[in-house]
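Asker: Below is one structure. I have some questions about it.
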Amino acid sequence: MLSKHHVTQQVLANLPDSERIGFDEAMMSWWMNFRQGGGMRLTEAGYTALACCDLETYTFDVHPGLPRRLGQLLILDKKLNCPYFIRLGKNPQLVLFGGEQATMLALYGDLEKFLQYLTRT
């Protein structure tokens with residue numbers, strides 16, 4: 001399982017010198033919860049940084065109410081072990097940077113069912 005520290009170090013190492021920032025600044029600006037035990041949700045800046053590194057992403061359309069459903073956000077925060085980003089807007093999307101969990105979500109075909117699976121594991 002990847003940690004935020006490891007991901008941050010890897011991305012910083014791959015960024016061009018002109019775009020590279022300090023580790024602490026990257027931790028605070030790239031992660032929604034930058035604490036050690038916090039989840040892997042990315043901010044807009046974090047998503048942009050990871051996307052610049054040509055990492056594989058998997059995008060899923062989600063229910064427009066997802067950003068307001070605290071229970072679902074908490075499950076994602078506690079159970080997803082890969083970086084992810086919630087693209088807000090009229091048609092929100094969940095962008096995963098982890099193939100294993102993206103495959104599971106694709107197999108379930110529904111975020112609600114996938115979250116139920118996550119709570120059981």
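Asker: Hey, among Lys79, Lys90, which residue is touching a helix residue (DSSP H, G or I) at 6+ places or on another chain (Cβ under 8 Å) and among the charged types (D, E, K, R)?
Answerer: That would be Lys79, the only listed residue that is touching a helix residue (DSSP H, G or I) at 6+ places or on another chain (Cβ under 8 Å) and among the charged types (D, E, K, R).
Asker: Quick one: would you say Ala45 is of a type in the set (Gly, Ala, Ser), free of Cβ contacts under 8 Å to residues at least 24 places away in the same chain and either surrounded by 12 or more Cβ atoms within 10 Å (Cβ to Cβ) or part of a loop (DSSP other than H, G, I, E, B) (or both)?
Answerer: Criteria met by Ala45.
Asker: Would region 49-56 turn up any residue that is at pLDDT 90 or above, within 12 Å of the chain's Cα centre (by Cα), buried (at least 17 other Cβ atoms within 10 Å of the Cβ) and part of a loop (DSSP other than H, G, I, E, B)?
Answerer: no
Asker: Going by the structure shown, is Phe34 in contact with a Leu (Cβ under 7 Å, 6 or more places away or on another chain) and buried (at least 16 other Cβ atoms within 10 Å of the Cβ)?
Answerer: Considered against the rule, which asks whether it is in contact with a Leu (Cβ under 7 Å, 6 or more places away or on another chain) and buried (at least 16 other Cβ atoms within 10 Å of the Cβ), Phe34 comes out as no.
Asker: Here's another thing I want to ask about it. Can you tell me which residue is modelled with the highest pLDDT among those in region 57-89 that are surrounded by fewer than 14 Cβ atoms within 10 Å (Cβ to Cβ) and in contact with a strand residue (DSSP E or B) (Cβ under 6 Å, 6 or more places away or on another chain)?
Answerer: Looking at the filtered set, the residue picked out is Thr59.
Asker: Okay, next question. Filter region 28-39 down to the residues that are modelled with pLDDT under 95, among the hydrophobic types (A, V, I, L, M, F, W, C) and touching a helix residue (DSSP H, G or I) at 6+ places or on another chain (Cβ under 7 Å) and list them by number.
Answerer: Across region 28-39, the qualifying residue is only Phe34.
Asker: For Glu100, work out the one condition from (1) exposed (fewer than 15 other Cβ atoms within 10 Å of the Cβ); (2) assigned to a loop (DSSP other than H, G, I, E, B) it doesn't fulfil.
Answerer: (2)
Asker: I've got another one for you. Go through region 15-32 and give me each residue that's in a helix (DSSP H, G or I) and over 27 Å from Leu76 (Cα atoms).
Answerer: To start, the set of residues in region 15-32 that are in a helix (DSSP H, G or I) comprises 17-19, 23-30.
Within region 15-32, Asp17, Ser18, Glu19 meet the criteria.
Asker: Please go through region 5-27 and pick out each residue that is closer than 13 Å to Phe97 by Cβ and either in contact with a helix residue (DSSP H, G or I) (Cβ under 7 Å, 6 or more places away or on another chain) or touching a residue at least 60 places away in the same chain (Cβ under 8 Å) (or both).
Answerer: Initial filter on region 5-27 (closer than 13 Å to Phe97 by Cβ): 6-8, 10-11.
If the condition is that a residue be closer than 13 Å to Phe97 by Cβ and either in contact with a helix residue (DSSP H, G or I) (Cβ under 7 Å, 6 or more places away or on another chain) or touching a residue at least 60 places away in the same chain (Cβ under 8 Å) (or both), then Val7, Thr8, Val11 are the ones that fit.
The values are calculated or read from the model by the stated rules, or taken from the named source; none is laboratory data. Quick caveat, the model's predicted, so the values are computed rather than measured. Using ideal geometry, Cβ is built from the backbone for each residue, glycine included, and neighbour counts are taken over all protein chains shown.
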